[in-house]
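**Q** I'd like to ask some things about the structure below.
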Amino acid sequence: MKKIINPWKGLEGYNCFGCAPNNEAGVKMEFYEDGDEVVSIWKPRPSIKAGLTLCMAYSSSFEDEICAWVVLRKLQTTGVTSKMETRYRKSVDTKDSHIVLRASIKEVKRNIVIVEAKLYNEDGEVCTESVCTYFTFSKEKSKDEMHFTKCDVEPEEILPLI
């Protein structure tokens, strides 16, 4: 796997709940490229471990975020989620040391992209599955409105610490 470089890191005003590293209220997700998939390994912080199970809103937010990163990395553009269908198969225990998310493109039709995502607990069981329909922007709109130019990976292969 190679770590995906966050293209907005250091950008003034960048405060995304999912991926901004300096958003104290956010979840600070990081992403990796593993073949056709984008992967994220997230470790719950003590403030989130307070409950017994991870709120469904977190699960769907994680999956929406990783689907966006699939579009960023694989298609080198930005866009918006226009539809998201989620199946909650198993609750996620907040005492788990980590969760793993994996997502990949299933279909592209002009500027519409279908991305599938799965969230796994620390035992590798599928807990949540989503299919996101993503409306992608032109490269010009991505640059002008989203301040996006490219999404690269670090040069070295790594094994993220779980």
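**Q** Tell me, what is a quarter of the convex hull surface for the C-alpha atoms of the range 1-83, in nm² with one decimal?
**A** About 6.3 nm², averaged over all directions.
**Q** Taking 7 Å along the Cα-to-C-beta vector as the label spot, tell me the Val100-Thr133 distance in nanometres, rounded to one decimal.
**A** Simple spin-label model gives 3.1 nm for this pair.
**Q** Take every Cα pair under 8 Å in the chain that's 6+ residues apart, average their separations, divide by the length, and report that relative contact order as a whole percent. Walk me through the numbers before you get to the answer.
**A** Details: 347 pairs, mean separation 44.2, N = 162.
27 percent.
**Q** How long is the gain from Asp36 to Glu85 if the chain were fully straight, where each residue apart is worth 0.36 nm and the alpha carbon distance is subtracted?
**A** 15.5 nm
**Q** Follow-up question, since we're still on this one. Counting other Cβ atoms within 10 Å of each Cβ, which trypsin sites (Lys or Arg not before Pro) in the range 1-80 have at most 11 and sit in a DSSP loop?
**A** Within the range 1-80, the qualifying trypsin sites (Lys or Arg not before Pro) (loop, at most 11 other Cβ atoms within 10 Å) are Lys9.
**Q** Moving to a separate point now. How much net charge surrounds Cys16 when only other residues with a Cβ under 11 Å from its Cβ are counted (Lys, Arg +1; Asp, Glu -1)?
**A** On the way: positive: Lys9, Lys28; negative: Glu65.
Net charge around Cys16: +1.
**Q** If you average over every viewing direction, what projected area does the convex hull of the Cα atoms of the range 44-162 give, in nm²?
**A** 8.5 nm²
Readers should treat all values here as calculations from the given coordinates under stated rules, not as data from a laboratory. What you see is a predicted model; the values in this text were computed from it and never measured. In this analysis, Cβ positions are derived from the backbone assuming ideal geometry, glycine residues included, and neighbour counts consider all displayed protein chains.
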